[in-house]
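The values are calculated or read from the model by the stated rules, or taken from the named source; none is laboratory data. Remember, it's a predicted structure, so these values are computed and weren't measured experimentally. Cβ placement follows ideal geometry from the backbone for every residue including glycine, while neighbour counts extend to all protein chains displayed. The accessibility values were calculated without ligands, DNA or RNA, using every heavy atom of the protein model including side chains. Shrake-Rupley method; radii C 1.70, N 1.55, O 1.52, S 1.80 Å.
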Amino acid sequence: MVHNSKVNTFPYFCGQIKKMSKTVLITGATGGIGLATATDLAGRGYTVIMHGRNRKKTEAARDTILAGQPDAELKIVMADLARLEEVRRLGEEVLILAPTLDVLINNAGVWNSKQELTSEGVEKTFAVNHLGYFLLSHLLLPSLRRSSDGRIVCVASDSHQQIKGMFFDNINLDGNYHGLRAYAQSKLANVLFCYEFDRRRRSDDPTIFAVQPGLVQTDIGLKGNTWLHSLAWKVRRRMSGNKTPAEGAATSIFLATEPNLADQSGLYWDNAAPKKSYSSSYDKDEARILWEMTEEMVGIEKYF
Ligand SMILES: NC(=O)c1ccc[n+]([C@@H]2O[C@H](COP(=O)([O-])OP(=O)(O)OC[C@H]3O[C@@H](n4cnc5c(N)ncnc54)[C@H](OP(=O)(O)O)[C@@H]3O)[C@@H](O)[C@H]2O)c1
């Protein structure tokens, strides 16, 4: 259940799509919350750029939307966000595809039972869930600045509360790895990134929002995980009170579409309303250290 009456999902059931000139890029739009977000925004007339890492799966997701909404304006782009060179290539492609980008929804995410390193030697959860958000947001600034109301929505999670702070001395969690710890660290990074981005941005830069979607019935806990963790996720996502992907997408959709949110940039959102995040996410030193470390990891000299 979505507990906020302000949230209005799935207008496309009401009839023909009313075209609008806004463009949104949604990462991880092949399933779960990302596909639900794409479906809704397509129904509102947005041109939706759907990102995936597997072409067949991404085309299938696009075709699912087109089956219900033949007039939807959809484009697809591919990149494995675990690889920085692919994030950079994706950024270049989207700058051409969407010279003006109204909304970037950093949604793609992973949960890994076992420690895996990317080809660049970074723990994969941190790479996809944090480095991907950080770098793509930077690369797309030129297109976002051309919008009169450019926005970045970062899908984070209340899981960030499960750790007291970032493991700066051992960001890859070598010898200390647990899927929950790695995921919590990446989601704390999402919130710290959002707050720090908002402190640093200038008036012509996009606004930014972090989102807690709730506990949502998706496949995130089934991909690349041990059978025990997969079983635990299957049980957990069936528990009462959990959200459908459409319900889990509602706050991202709200933040993408609701007018006049500029003065609420840099906040953490749940059920279409701002809420407090865990105390460590407000630590400005922690956010600055993460920012500087991440700039170095992805090779950015001047973010804005
Ligand atoms: N489900 C929840 O309860 C919950 C709660 C809090 C926060 N969240 C957050 O919500 C977001 C969406 O998750 P979800 O639950 O909807 O999971 P999901 O159904 O597994 O969707 C995740 C998306 O990310 C993509 N992705 C994963 N790794 C990628 C990579 N290396 N490169 C490119 N794309 C990649 C997936 O692509 P494939 O389809 O190819 O796997 C998929 O499109 C995540 O940021 C997650 O942390 C979820």
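By the helix-only formula, in which each DSSP H run with n ≥ 4 contributes -39500 (n - 2.57) and the sum is divided by residues, the chain has a 222 nm mean residue ellipticity of -12000 deg cm²/dmol. The phi torsions of region 207-217, fed into the Karplus equation with coefficients 6.51, -1.76 and 1.60 and a -60° offset, translate into couplings of 7, 9, 9, 9, 10, 9, x, x, 8, 10, 6 Hz, rounded to whole numbers, with Gly and Pro shown as x. The slack in the chain from residue 180 to residue 263, taken as 0.36 nm per residue of separation less the alpha-carbon distance, amounts to 26.5 nm. In the chain, Cα pairs under 8 Å separated by at least six residues give a relative contact order of 20 percent.
Peptide packing: for 75-84, 27-36, the average count of neighbouring Cβ atoms within 10 Å per residue gives the ranking 27-36, 75-84, highest mean first. Charge dipole (Cα centre; +1 on Lys/Arg Cβ, -1 on Asp/Glu Cβ; no other charges) of region 136-264 amounts to roughly 320 debye. Note that region 110-116 has calculated 3J(HN,Hα) couplings of 9, 9, 10, 4, 10, 5, 10 Hz, one per residue in order, obtained from phi through the Karplus relation 6.51 cos²θ - 1.76 cosθ + 1.60 (θ = phi - 60°); glycine and proline are x.
Once backbone amide H atoms are built at 1.01 Å from N, residue 77 has 50, 51, 52 as its partners under 5 Å, excluding neighbours fewer than 5 places away on the same chain. Under the membrane-span-like helix rule (DSSP H runs whose alpha carbons stretch at least 15 Å along the helix axis, mean Kyte-Doolittle hydropathy -0.5 or higher), the chain yields 32-43, 84-97, 179-200, 245-257. The alpha-carbon atoms of region 193-304, seen along their principal axes, cover 44, 35, 24 angstrom, with the largest extent given first. Applying Stokes-Einstein at 20 °C and 1.002 mPa s to the Kirkwood radius of region 92-144, computed over alpha-carbon pairs, gives a translational diffusion coefficient of 174 µm² s⁻¹. Where the alpha-carbon atoms of region 120-159 are placed on the principal axes, they occupy 36, 28, 6 Å, in descending order.
In the calculated pair distance distribution of region 81-173, what percentage of Cα-Cα distances lie above 16 Å? Beyond 16 Å sits 60 percent of the P(r) for region 81-173.
With all protein chains kept in place, the per residue accessible area of region 51-119 amounts to 49 square angstrom at a probe of 1.4 angstrom. Remark: for residue pairs 22/56; 114/243; 75/276; 22/164; 164/243, the C-alpha separation exceeds 31 Å in 75/276; 22/164. Spin-label pair residue 275-residue 64: with each label point 7 Å from Cα along the Cα-Cβ axis, the two points sit 2.6 nm from one another. Subtracting the Cα-Cα distance of residue 96 and residue 282 from their residue separation scaled by 0.36 nm leaves 63.4 nm. From largest to smallest, the equivalent ellipsoid semi-axes obtained for region 153-235 from the alpha-carbon gyration tensor read 27, 18, 9 Å. Backbone amide hydrogens, once placed in the peptide plane, bring residue 216 within less than 5 Å of 243, excluding anything fewer than 5 places away on its chain.
Counting only GluC sites (Glu not before Pro) that DSSP places in a loop and that have at most 13 other Cβ atoms within 10 Å, the longest clean stretch of the chain runs over 121-300.
Computed over protein heavy atoms with a 1.4 Å probe, the carbon and sulfur contribution to the accessible area of region 85-176 reaches 47%.
Pairwise Cα distances in region 41-86 exceed 16 Å for 39 percent of all pairs.
Length gained on full extension, residue 162 to residue 57: 34.6 nm, using 0.36 nm per residue less the C-alpha separation.
When the Cα convex hull of the chain is projected onto planes of every orientation, the mean area is 14.7 nm². Pairs of Cα atoms in region 36-143 fall into 5 Å distance bins, from 0 up to the last occupied one, in shares of 2, 12, 21, 22, 20, 13, 7, 3, 0 percent.
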